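The values are calculated or read from the model by the stated rules, or taken from the named source; none is laboratory data. Since the model is a prediction, treat every value here as computed from it, not as a measurement. We place every Cβ from the backbone using ideal geometry, glycine too, and count neighbours over all the protein chains shown. Just so you know, the surface numbers come from the protein's heavy atoms only, side chains and all, with ligands and any DNA or RNA stripped out. Shrake-Rupley method; radii C 1.70, N 1.55, O 1.52, S 1.80 Å.
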Amino acid sequence: MTVPTEILLEGKILPADQGRFITLPFEVPEHMTRMEVHLYYSDRVGSEPWETEGNALGIGICDPRENIDTQKGFRGWSGSSRLEFVIDGESATPGYISGPIQAGTWHIQLGLFKIWRHGCEYKISISLTPEPQKKAEVHFPTMLPLRTESARTLSSTGWYKGDLHCHTYHSDGDSDPADVVREAERLGLDFLAVTDHNTISHQVVLNTIDTPVMLIPGIEITTFAGHWNVWGDFDWIDFRINSAEKTDAMIQEAKRRGYLTSCNHPRPNGPEWRFENVESFDCVEVWNSPWLIEHNHHCLSFWEKRLNQGKRFVAVGGSDNHELKNAAESHLGQPTTYIYCPGDVSPAGLLRGLRAGHAFVTCASDGPQIHLASGTAMMGDSISRPLNDRVKIQIEVLGGDEGQLEICTSRGVSASLLMQGNHNDLELEVDVTSTPYVRVQLRRAEDDSCDDRGVRGEPSSSLGG
């Protein structure tokens, strides 16, 4: 009979510690095959901003590899969604990665999201089960790679649609990754990026799913000062950062590794992006969930402020869907991002197209489309400024009947046209005096604000030169 090893970690966190991460080491002896962890703490409340009368802690764990390299050894994170988890050689609680239980110093990670005025008392019980007999060698599971080929039927236009931001129960969603992929199939999406918070365990499951949907590896780095997506053929990215300098350094590190990054939902209760001077990301999520419900005008203003400064960021959208089973306001594919990828298409090719800015965002998988060009230059490209400051642009609007098409520069809306019918081709000349960009959008004709029927082209800073 095998007797588990029991470990207890306990302490008290003071209000002044809020917004930090703390590391709690513990020793694992030889020949362990299973680890079970339970977290208990006082005055627990949820993670929503309005839940203030109590404490909210997040929990995760790293194995001994972290002692050699802080970018290694990650075994999981569940934030405040779970108070307990299990890891063994064959399986693990969603959010955590199965594999060997190595002997040595492991570390519990606690994220101090909210610490009430009374402080927070915590206890962490760890139960380690030894192997009853010699077993075969245990290996780590294989993650979803960034594939360079796809069986997806080629689009005649070179445009592909998908969702770049959603969640499963590997963080705080309500569904299995396979169910999210099946919903993407039902909606006719060409690609999907599941971006669970601070973990990569969902990539293990995604790697086992047979689907025509092109799956892009993703993660949402979730910090106390804002959230940012990472897409690419990546290993874990450290989220335990709490300063502008460290945030900028980590985004730069992600880019150095070849990943694509996005500043997510920079708006009040987004949560907002608190480090105004950190701008090392590639993209800005200008549309997150339904347009009006989630106050996306703040995200648009965040993006346009930087365009007006002559900076270039690709505009993207993402549903940020968490509740597939009981969706009330946010649904997968709302909004949908279109990416241009001519020729052979693949997840890697889609990220190249997105990096180039060859993309636009629409309300849903069947929403209207806008295609903007200036001669041979398309949205995302740069052109030389004409001597007379007049630029000819070509716009194709599909499915925009009764929508108000607006051509925008840094001076505001330069032209507004009512669309009649579901296919409109236009050629216009735009005054680009003192503007670094031209972009287009589609609104409801009777509404002054963009809603869930709107479309945003992403020519942004590029077509203005």
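Would you mind stating whether SER434 is of a type in the set (Gly, Ala, Ser) and either open to solvent by less than 40 Å² (accessible area, probe 1.4 Å) or free of Cβ contacts under 8 Å to residues at least 24 places away in the same chain (or both)?
When the stated conditions are applied, SER434 does not pass them.
Of the residues screened, THR105 is not one that is more than 30 Å from GLY232 (Cβ to Cβ), open to solvent by less than 90 Å² (accessible area, probe 1.4 Å), in contact with a Ser or Thr (Cβ under 7 Å, 6 or more places away or on another chain) and outside any loop (DSSP other than H, G, I, E, B).
Among residues of the stretch 366-411 being more than 29 Å from the chain's Cα centre (by Cα) and small (Gly, Ala, Ser), the one that is surrounded by the fewest Cβ atoms within 10 Å (Cβ to Cβ) is SER384. Total residues in the stretch 306-319 satisfying the condition of being outside any loop (DSSP other than H, G, I, E, B) and in contact with a Lys or Arg (Cβ under 9 Å, 6 or more places away or on another chain): the figure is 5. Where strands (runs of 3 or more DSSP E) fall entirely within the stretch 1-74, those with at least 3 residues that are farther than 21 Å from PRO94 by Cα, modelled with pLDDT of 95 or more and open to solvent by less than 40 Å² (accessible area, probe 1.4 Å) are at 5-13, 21-28. When the stretch 402-411 is filtered for residues that are part of a strand (DSSP E or B) and closer than 16 Å to ASP389 by Cα, the ones remaining, listed by number, are ILE407, CYS408, THR409.
Just to be sure, is PRO212 open to solvent by 10 Å² or more (accessible area, probe 1.4 Å) and at pLDDT below 95?
On the way: open to solvent by 10 Å² or more (accessible area, probe 1.4 Å): yes; at pLDDT below 95: no.
Judged against the criteria, PRO212 is not a match.
The set of residues from the stretch 226-240 being at pLDDT below 95, assigned to a loop (DSSP other than H, G, I, E, B) and open to solvent by less than 10 Å² (accessible area, probe 1.4 Å) comprises TRP236, ILE237, PHE239.
Go through the stretch 132-168 and give me each residue that's open to solvent by 100 Å² or more (accessible area, probe 1.4 Å), within 18 Å of VAL213 (Cα to Cα) and not charged (D, E, K, R). Steps first, please.
We begin by selecting, within the stretch 132-168, every residue open to solvent by 100 Å² or more (accessible area, probe 1.4 Å); these are 133-135, 137, 139, 148-149, 151, 153, 156.
Next, only the ones that are within 18 Å of VAL213 (Cα to Cα) stay: 148-149, 151, 153, 156.
Across the stretch 132-168, the qualifying residues are THR148, ALA151, THR153, SER156.
From the list GLU84, GLU48, which one is acidic (Asp, Glu) and under 24 Å from the mean Cα position of the chain (by Cα)?
Values: GLU84 fails: under 24 Å from the mean Cα position of the chain (by Cα).
After ruling out the rest, the residue left standing is GLU48.
Okay, residues lined up against (1) hydrophobic (A, V, I, L, M, F, W, C); (2) within 20 Å of THR168 (Cβ to Cβ):
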| residue | (1), (2) |
| --- | --- |
| LEU300 | yes, no |
| GLY310 | no, no |
| VAL314 | yes, no |
| ASP320 | no, yes |
| GLY333 | no, yes |
| CYS341 | yes, no |
| LEU351 | yes, no |
| ARG355 | no, no |
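Per this entry, GLU285 is counted among residues that are under 30 Å from ARG444 (Cβ atoms), among the charged types (D, E, K, R) and either in contact with a helix residue (DSSP H, G or I) (Cβ under 7 Å, 6 or more places away or on another chain) or outside any strand (DSSP E or B) (or both). What residue, among those in the stretch 255-286 that are at pLDDT 95 or above and polar (S, T, N, Q), is farthest from the chain's Cα centre (by Cα)? So, considering only residues that are at pLDDT 95 or above and polar (S, T, N, Q), the one farthest from the chain's Cα centre (by Cα) is SER280. Listed conditions (1) of a type in the set (A, V, I, L, M); (2) open to solvent by 80 Å² or more (accessible area, probe 1.4 Å); (3) more than 25 Å from LEU206 (Cβ to Cβ) are all met by LEU128, apart from (2). You will find that of ARG306, ARG312, the residue that is without any contact (Cβ under 8 Å) to a residue 60 or more places away in the chain and either open to solvent by 70 Å² or more (accessible area, probe 1.4 Å) or of a type in the set (D, E, K, R) (or both) is ARG306 and no other.
Among the residues of the stretch 203-218, is any part of a helix (DSSP H, G or I) and under 30 Å from PRO49 (Cα atoms)?
Initially, the stretch 203-218 is screened for residues part of a helix (DSSP H, G or I), giving 203-206.
Narrowing the set further to residues that are under 30 Å from PRO49 (Cα atoms) leaves 203.
Yes, there is a match, as at least one residue in the stretch 203-218 is part of a helix (DSSP H, G or I) and under 30 Å from PRO49 (Cα atoms).
Among all positions in the stretch 89-102, there is no residue which is open to solvent by less than 40 Å² (accessible area, probe 1.4 Å) and among the charged types (D, E, K, R).
Applying the condition of being in contact with a Gly (Cβ under 8 Å, 6 or more places away or on another chain) and part of a loop (DSSP other than H, G, I, E, B) to the stretch 242-269 and asking which residue is surrounded by the fewest Cβ atoms within 10 Å (Cβ to Cβ) yields GLY258.
Output the residue which, of all residues in the stretch 326-365 that are hydroxyl-bearing (Ser, Thr, Tyr) and open to solvent by less than 50 Å² (accessible area, probe 1.4 Å), is modelled with the lowest pLDDT. The selected residue is SER330. Every test in (1) open to solvent by 50 Å² or more (accessible area, probe 1.4 Å); (2) not in a loop (DSSP other than H, G, I, E, B) is passed by GLU323 save one, and that test is (2).
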